[in-house]
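Chemist: I'd like to ask you about the structure that follows.
The values are calculated or read from the model by the stated rules, or taken from the named source; none is laboratory data. None of these values were measured; they are calculated from a predicted model. Quick reminder, even Gly has a Cβ in these numbers, built from the backbone with ideal geometry, and neighbours come from all protein chains shown. Heads up: the accessible areas ignore ligands, DNA and RNA and are worked out on the full protein's heavy atoms, side chains in. Shrake-Rupley method; radii C 1.70, N 1.55, O 1.52, S 1.80 Å.
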Amino acid sequence: MPRLRGISLFFARGSVVAEMVELTVGLDERSYPVFIGAGILDRIGADLARRNIGNRYAIVSDSTVARLYGRRLQQVLANAGLLAELFAFPAGEESKSLTVLGDLASQLAGKGFDRYDAIVALGGGVTGDLAGFLAASYMRGIPFVQVPTTLLAQVDSSVGGKTGVDIPQGKNMVGAFYQPKAVYIDTDVLQSLPPRELLGGIAEVIKYGVIRDPDFFTFLESNIDNIISLVPEAIARTIETCCRIKAAVVAEDEKEGHVRRILNYGHTIGHAVEGASQYSIIHGFAVAIGMVAEAKIAVMHGLLAPRENAKIVHILKSYDLPTEVPENLDRKEIRQYLLTDKKNVSGSILFVLPTAIGETVISDSVTDAQIDAVLL
Ligand code: NAD
Ligand code: GLY
């Protein structure tokens, strides 16, 4: 279980005193803190200097986030006496590739980064996965920290150490489990996030309610406006709850041998939809579609009551998330992606099926006919 230290320190932001929550992902000697709060970006330099993670820091960021926050973070590190260089790559899922990974590694080598230096992944899930895998593989592994800037990355991808890139055959097919040394979640940066990207993150947020926490699901049902408009208490509670669940699951099963699989609810169909759309459907939207499809399969199996299924569909619609596989997507292609999903075991496609709000089972016995029925 993660050690939840709650509000661990107070710090000054101008004249305002803001709260910061610290959680721990408990993995023995590889345990690390997750800091959540408003204005944390400006505190990262001091914390990194105290932790002494690297001699120099490579801030890796996509083009959009580099423009918004890259120089600021570089300055924050400089103010703490740390040397930092900014490395930007084109924004978008297409950059989560072996080509961009190789380009970044060459740039780091060109600037003389060595194994005593460290990487700061500043951005959304694409940046975290790509920069995390760069850290895992550059000079056979150098330390890294996560500074997630999308809701999706703050509630999911920055915690837990899954890193990697896509190949034409599928998402995240080349990568490594490689844990960061710390995660810094600044809720203020969500202010600049386009609404579509915020909604994509909310799909993963709802996922946590369905797989683990009925009370949180109820909170999400009754706080739609507060969450969408980023009311500080609502968004802080949302991120903290998700990170607490994720930290607990990862601490129990780091390498996805058993319980961690529940985090993939919505992702089996979701990844296939995302791939078949050539990534024009963003990850969170694809997961929302996948959650509905996988809940329907659970109903067909007699595992989920139609009433509970209706609650899942209703909350996703209330947040304006998509719930149907778009008609224009080639069903054959979706099935092909399902067959190459890396979650498959000995040729069987694994599905996480909800049995109630807050509970799931893992199933390898979903039939082709059931898959066809939800892809109609
Ligand atoms: P993303 O990283 O592409 O970010 C979405 C868009 O938002 C980008 O255009 C980015 O430039 C922009 N952006 C980011 N932060 C911003 C900010 N604060 N203000 C303005 N614009 C901002 O996408 P994402 O949705 O964050 O992540 C999706 C990726 O995460 C997928 O590749 C998915 O596979 C991966 N993922 C990984 C895990 C994991 O455990 N490692 C979990 C879930 C998802
Ligand atoms: N997002 C799924 C996992 O981290 O396991």
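Chemist: Peptides 198-205, 246-253: what's the order by average Cβ count within 10 Å, highest mean first?
Modeler: 198-205, 246-253
Chemist: A further question on this structure: For region 244-322 and region 144-162, compute the distance between their C-alpha centroids and round to whole Å.
Modeler: 18
Chemist: Using R₀ = 35 Å, calculate the FRET efficiency as 1/(1 + (r/R₀)^6) where r is the Cβ-Cβ separation of ALA356 and ASN55; round to 0.05.
Modeler: 0.10
Chemist: So, one more: Send over a whole-number figure in Å² for the accessible area per residue of the chain, probe 1.4 Å.
Modeler: Each residue of the chain exposes 41 Å² on average to a 1.4 Å probe.
Chemist: Here is a further query. Using +1 at the C-beta of Lys and Arg and -1 at the C-beta of Asp and Glu, which of LEU353, LEU199, ALA247 has the Cα lying farthest in the positive direction of the dipole of the chain?
Modeler: It is ALA247, whose Cα lies furthest towards the positive end.
Chemist: Follow-up question, since we're still on this one. Placing +1 at every Lys and Arg Cβ and -1 at every Asp and Glu Cβ, with all other atoms neutral, what dipole size does the chain have around its Cα centre, in debye to the nearest 20?
Modeler: The calculation lands at about 780 debye.
Chemist: OK, next. Relative contact order for region 189-272: what is it in percent, counting Cα pairs under 8 Å that are at least 6 residues apart?
Modeler: Normalised by residue count, the contact order of region 189-272 is 27 percent.
Chemist: Per DSSP H run of n ≥ 4, the term is -39500 (n - 2.57); total these for the chain, divide by its residue number, and report the mean residue ellipticity at 222 nm rounded to 500 deg cm²/dmol.
Modeler: -12500 deg cm²/dmol
Chemist: Something else now. Quick one: with all protein chains in place, what share of the accessible area of the chain is carbon or sulfur, to the nearest percent (1.4 Å probe)?
Modeler: Carbon and sulfur together cover 52 percent of it.
Chemist: While we're on this one: Please report the relative contact order for the chain, taking Cα pairs under 8 Å with a sequence separation of at least 6, and give it as a percent rounded to a whole number.
Modeler: Relative contact order here is 14 percent.
Chemist: Filter the GluC sites (Glu not before Pro) in region 278-343 down to the DSSP loop ones having no more than 14 other Cβ atoms within 10 Å, then list what survives.
Modeler: Here the GluC sites (Glu not before Pro) that fit, given the DSSP loop and packing criteria, are GLU324, GLU327.
Chemist: Of ALA109, ALA84, ALA135, which has the largest mean-square fluctuation in a 10 Å C-alpha GNM of the chain?
Modeler: Most flexible of the set in this elastic network: ALA109.
Chemist: Pick from GLY54, GLY270, GLY128: which residue has the top mean-square fluctuation in a GNM of the chain where Cα pairs under 10 Å get a spring?
Modeler: Among GLY54, GLY270, GLY128, the largest mean-square fluctuation in the Gaussian network model of the chain belongs to GLY54.
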